[in-house]
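**Q** What follows is a structure written as structure tokens; I'll ask about it next.
The values are calculated or read from the model by the stated rules, or taken from the named source; none is laboratory data. Small disclaimer: the values here were computed from a predicted structure and weren't measured. Cβ placement follows ideal geometry from the backbone for every residue including glycine, while neighbour counts extend to all protein chains displayed. What goes into the accessible areas is simple: the full protein's heavy atoms, side chains included, and nothing from ligands, DNA or RNA. Shrake-Rupley method; radii C 1.70, N 1.55, O 1.52, S 1.80 Å.
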Amino acid sequence: VTIPGSVTPNRRTVISAPYNGYVRNLYVKVGDKVAAGDPVVSIAQSLRGSSEEVFPLRAPFAGTVVQVLRTEGEYVEQSSSTGGNAIVRIDDLSRMFVEATSPEIEVGKLKIGQETIVKASAILGRSYKGKIQRISLAAKEQKDWDKSRVEFPITIEITDKDEQLKPGMSVIIDIITHKLTQVLTLKHEFIQKEGDELFVVTEAGQK
């Protein structure tokens, strides 16, 4: 079964302003590793004086800074319910997953633990191994104009990740739903057909 998907980290969080103000200090840059509780950014309601006591926003878990979207001194507004006004994004890259959806006609072939081959559009020359971790028991809800398309979300864990593979990358997944081992194979051109019968001719001339 071949389906498209996208790479996601084990966990991710976005640090946003809890109130309107200015970015006083950025304690991190892109690529930095942070531990749980490390200071990330501080927000002040004014930049005019340093007398205001400002407490930094801290990392909720250990991870890597993958985006810094604001600069020191920039005005930021309180985060909205839609997750806008992000300042810093932190991802836990200790494990990497692929989020994908399977058409309903194929989902019956899928099982937890099945092996997959994952190919990223941006990474040439290698593929990644994976295993199915989760298969949703209900189809993904679609908008009214798209309700004819029935798809089931699935999650695949990459078992041989490297630093080239990054969150958000688009991938193509080949899910191996059935495998036979120790099977004799022949090139197609050696197989001949006579009526409904298929046959080969050995070196000794035996049909």
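**Q** Can you work out the FRET efficiency for the pair S46 and V14, with r the C-beta to C-beta distance and R0 = 25 Å, to the nearest 0.05?
**A** For S46 and V14, the calculated efficiency is 0.55.
**Q** Please report the relative contact order for the chain, taking Cα pairs under 8 Å with a sequence separation of at least 6, and give it as a percent rounded to a whole number.
**A** In percent, rounded to a whole number, it is 24.
**Q** State which stretch of the chain is the longest one without any exposed GluC sites (Glu not before Pro), exposure meaning a DSSP loop state and at most 14 other Cβ atoms within 10 Å.
**A** With GluC sites (Glu not before Pro) excluded where exposed in loops, the chain gives 78-140 as its longest stretch.
**Q** Pairs K187/K207; K119/K140; K33/K111; K129/K179: which are spaced more than 26 Å apart, C-alpha to C-alpha?
**A** K33/K111, as the Cα separations exceed 26 Å there.
**Q** Could you calculate the FRET efficiency of L186 with A138 from 1/(1 + (r/R0)^6), where r is the beta carbon distance between them and R0 is 35 Å, rounded to 0.05?
**A** Using R0 = 35 Å, I get an efficiency of 0.20.
**Q** Using the alpha-carbon centroid of each, what span in Å lies between the stretch 118-154 and the stretch 9-28?
**A** Each part reduced to its Cα centre gives a spacing of 30 Å.
**Q** Residues of the stretch 149-168 with amide nitrogen under 15 Å from the 7 Å Cα-to-Cβ point of L124?
**A** Nothing falls inside the zone, counting backbone N under 15 Å.
**Q** Using helices alone, I'd like the mean residue ellipticity at 222 nm for the chain: each DSSP H run of four-plus residues gives -39500 (n - 2.57), total over residue count, nearest 500.
**A** Helix-only estimate at 222 nm: -500 deg cm²/dmol.
**Q** Suppose the chain between R95 and D174 were pulled fully straight at 0.36 nm per residue; how much longer would it get relative to their current alpha carbon spacing?
**A** Fully extending the segment from R95 to D174 adds 26.4 nm.
**Q** Here is a follow-up. Given a 1.4 angstrom probe, I'd like the percentage of the accessible area of the chain that is carbon and sulfur, rounded to a whole number.
**A** Carbon and sulfur together cover 51 percent of it.
**Q** Taking 1 over the mean of 1/r across every pair of different Cα atoms in the stretch 138-207, what Kirkwood radius in Å do you get?
**A** Averaging 1/r across every pair of different Cα atoms and inverting gives 18.5 Å.
**Q** Given springs between every Cα pair under 10 Å in a Gaussian network model of the chain, which of P18, P39, P153 has the largest fluctuation?
**A** It is P18.
**Q** Also, quick follow-up: Hand me the trypsin sites (Lys or Arg not before Pro) from the stretch 142-188 located in a DSSP loop with no more than 13 other Cβ atoms within 10 Å, in residue order please.
**A** K143, K147, R149, K179, K187
**Q** Just to confirm the filter: which trypsin sites (Lys or Arg not before Pro) across the stretch 1-96 are DSSP coil and have at most 10 other Cβ within 10 angstrom of their Cβ?
**A** Those satisfying the criteria are K29, R48.
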